[in-house]
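Participant: Sharing a structure, written as structure tokens. Questions coming.
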Amino acid sequence: MKAYMETYGCAANVVDTNVVKGFLKEAGIELAQSPAEADVLIINTCTVRDETDIRICKRLNELKALYRRGKKVIVMGCLAAAQPALVKELMPNASIITPDTLDQIIAAVKSPSKYVATRPQERRVYIPKHTGEVIYTISVSRGCLGNCAYCIVKRARGDLVSADMDEVVKAVKDAVKSGAKEIRLTSQDLAVYGLDKGFTLVDLLKKISREVDGKFKIRLGMMNPNSLAPILDDVLNMMSSDERFYRFFHIPVQSGDDEVLKMMRRKYNVSLFKHVVWKIRKQLPDASIATDIIVGFPGESEEAFRHTLQLIDEVKPDKVHVARYTPRPHTPAAKLKQIPDSVKKSRSELLMRKVEEVTLERNLALVGKVVNILLVEKKGEGIIGRMDNYKPVVVLDPQLKPGDEVPVVIDKAKSIYLMGRLVSLTKQSLPYAECLPTKASS
């Protein structure tokens, strides 16, 4: 038997796909390279935004022809968990697996009829086995402690459940032993890891630092300002004392206006976000800070939007993901009076221009500097490496390979990436366009 998998969405979904691939391998089920050669089609879905739903629904409709020929279809992921009625409407006989029921994937694959698993006997975090990649991503928890007015992911992934610390440390240790050079710890809100079990993220980081030997890098995932603030001093001290931690923070602010944050049901104000940023920059001046902004949330006035522009101008983050608000089913914000799409579009364009201005300014300050980078991903004619603060550097050298650490001089800067060359080489003239990171905006 062969199974074909497609994955949409965030890092957590990629991790879930890797978990399922591990279950399939243990059961002796091969992975197919295309839907046509597979007996079972497994689609791991996302539902965070309206356009994502549209894309996935279009894909499911495309797969209906194969479905009608007797191929089994399993829809998993956040769309399956948060909107099972939509899945049923599109594919009445499709099986459903949610993020909480990944361990039932083999039962779904082998079932002669429709198999629906939405409620687990016990909620747990599934940790994938490392399979030789340079980058190893692990979800250390699932769910969150928030209840944001715009978010449908809460409906799909639920309240916080954390993985056991020893299990996480063992997975990291095994991955490093088998060649991983970059460990990514991810979660809906990494800073609340362990609070459901009586320990903290700092406890985990100390345990990894103390018990895992080797030369590798650790990237911390997204942390909300209010969750990060209580542990920030300890996290900063960890980054200062162990160079294996990337000096990188992803702290989503979502809006620069306190009233909008209240309507969003975020549990912090702008002052707390700025306090966290200033504290990071004071102790780790070269740290890289990423954030997220939602433009056009219901009730966002022109003045509120100006506050967001002012915040970006003041804080000058290194990376910003800008998203236009789209109403999601079953969320409180979807019931509010919506802002016209034309207004969302104009605001997002204006904000993106501001973002490009401030991020380019920060990157230009690095031109001419010699830095060490960890090479992590081949791209076109070149390779992407990461500085100690996680900034991406594109190097054009087909001989370089992921996993190596090399010194480069920064030649050029763009708003979302840097261009570098090995310090021992003369300047290269190949075009960079084929190996550039993708701009994260919508």
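The values are calculated or read from the model by the stated rules, or taken from the named source; none is laboratory data. Predicted, not measured: the structure shown is a model, and the values here were computed from it. Cβ placement follows ideal geometry from the backbone for every residue including glycine, while neighbour counts extend to all protein chains displayed.
Participant: Quick check on my filter: what residues within segment 22-56 are under 14 Å from Ile74 (Cα atoms) and surrounded by fewer than 20 Cβ atoms within 10 Å (Cβ to Cβ)?
Facilitator: Pro35, Asp39
Participant: Among the residues of segment 184-215, which ones are acidic (Asp, Glu) and closer than 17 Å to Arg123 by Cα?
Facilitator: Matches in segment 184-215: Asp196 only.
Participant: Let me ask something additional. On the given criteria, is Val355 among the aliphatic types (A, V, I, L, M), surrounded by 20 or more Cβ atoms within 10 Å (Cβ to Cβ), over 26 Å from Ile135 (Cα atoms) and assigned by TED's automatic domain parsing to the domain that holds Glu300?
Facilitator: yes
Participant: Something else now. What is the residue count in segment 309-353 for residues that are among the polar types (S, T, N, Q) and on the phi > 0 side of the Ramachandran plot?
Facilitator: Number of matching residues: 0.
Participant: Given the criteria touching a Lys or Arg at 6+ places or on another chain (Cβ under 8 Å) and of a type in the set (A, V, I, L, M, F, W, C), does Ile138 qualify? Show your work before the answer.
Facilitator: Values: touching a Lys or Arg at 6+ places or on another chain (Cβ under 8 Å): yes; of a type in the set (A, V, I, L, M, F, W, C): yes.
Yes: the conditions hold for Ile138.
Participant: Going through Lys170, Lys129 one at a time, which residue ends up being under 24 Å from Arg219 (Cα atoms) and without any contact (Cβ under 8 Å) to a residue 12 or more places away in the chain?
Facilitator: Lys170
Participant: Could I ask something else about it? List pairs: first residue in segment 329-347 and assigned by TED's automatic domain parsing to the domain that holds Leu309 and under 15 Å from Glu300 (Cβ atoms), second residue buried (at least 17 other Cβ atoms within 10 Å of the Cβ) and among the aliphatic types (A, V, I, L, M) anywhere in the structure, Cβ distance under 7 angstrom, at least six positions apart or on different chains.
Facilitator: Ala333/Ala149; Lys344/Val295; Arg347/Val295
Participant: Okay, moving on. Residues of segment 57-98 being more than 17 Å from Tyr8 (Cβ to Cβ), surrounded by fewer than 22 Cβ atoms within 10 Å (Cβ to Cβ) and not charged (D, E, K, R), which ones?
Facilitator: If the condition is that a residue be more than 17 Å from Tyr8 (Cβ to Cβ), surrounded by fewer than 22 Cβ atoms within 10 Å (Cβ to Cβ) and not charged (D, E, K, R), then Ala65, Leu66, Tyr67, Gly70, Ala85, Pro92, Asn93 are the ones that fit.
Participant: When both residues are 6+ apart or on different chains and their Cβ atoms are under 6 Å apart, which pairs have a first residue that lies in segment 383-407 and is in contact (Cβ under 8 Å) with a residue 12 or more places away in the chain, and a second that is in a loop (DSSP other than H, G, I, E, B) and among the aromatic types (Phe, Trp, Tyr)?
Facilitator: Tyr390/Tyr246; Pro392/Tyr417; Val394/Tyr417; Val394/Tyr432
Participant: Report yes if Lys154 is under 16 Å from Ser187 (Cα atoms), modelled with pLDDT under 95, in a helix (DSSP H, G or I) and of a type outside the set (Gly, Ala, Ser), otherwise no.
Facilitator: The answer is yes for Lys154.
Participant: Being in the same structural domain as Ser113 (by TED's automatic domain parsing) and more than 29 Å from Leu185 (Cβ to Cβ): is that true of Lys64 here? Before you say what the answer is, go through the steps one by one.
Facilitator: On the way: in the same structural domain as Ser113 (by TED's automatic domain parsing): yes; more than 29 Å from Leu185 (Cβ to Cβ): yes.
So Lys64 fits the description; yes.
Participant: Could you please find all residues in segment 247-270 being under 16 Å from the mean Cα position of the chain (by Cα) and either more than 14 Å from Leu311 (Cα to Cα) or without any contact (Cβ under 8 Å) to a residue 12 or more places away in the chain (or both)? Write out each step before concluding.
Facilitator: Residues of segment 247-270 under 16 Å from the mean Cα position of the chain (by Cα): 248-254.
If the condition is that a residue be under 16 Å from the mean Cα position of the chain (by Cα) and either more than 14 Å from Leu311 (Cα to Cα) or without any contact (Cβ under 8 Å) to a residue 12 or more places away in the chain (or both), then Phe248, Phe249, His250 are the ones that fit.
Participant: Can you tell me how many residues within segment 43-74 are over 20 Å from Val153 (Cβ atoms), of a type in the set (A, V, I, L, M) and outside any helix (DSSP H, G or I)?
Facilitator: Number of matching residues: 2.
Participant: Now for a separate question. Being basic (Lys, Arg) and either surrounded by 17 or more Cβ atoms within 10 Å (Cβ to Cβ) or farther than 23 Å from Thr291 by Cα (or both) is the filter here; which residues of segment 321-352 pass it?
Facilitator: Scanning segment 321-352 gives Arg324, Arg328, Lys335, Lys337, Lys344, Arg347.
Participant: What number of residues within segment 21-41 satisfy the criterion of being aliphatic (A, V, I, L, M) and under 20 Å from Ser113 (Cα atoms)?
Facilitator: Looking only at that region, the number is 6.
Participant: Follow-up. If a residue has to be free of Cβ contacts under 8 Å to residues at least 12 places away in the same chain and of a type in the set (A, V, I, L, M, F, W, C) to count, how many in segment 107-126 make the cut?
Facilitator: Residues in segment 107-126 being free of Cβ contacts under 8 Å to residues at least 12 places away in the same chain and of a type in the set (A, V, I, L, M, F, W, C): 1 in total.
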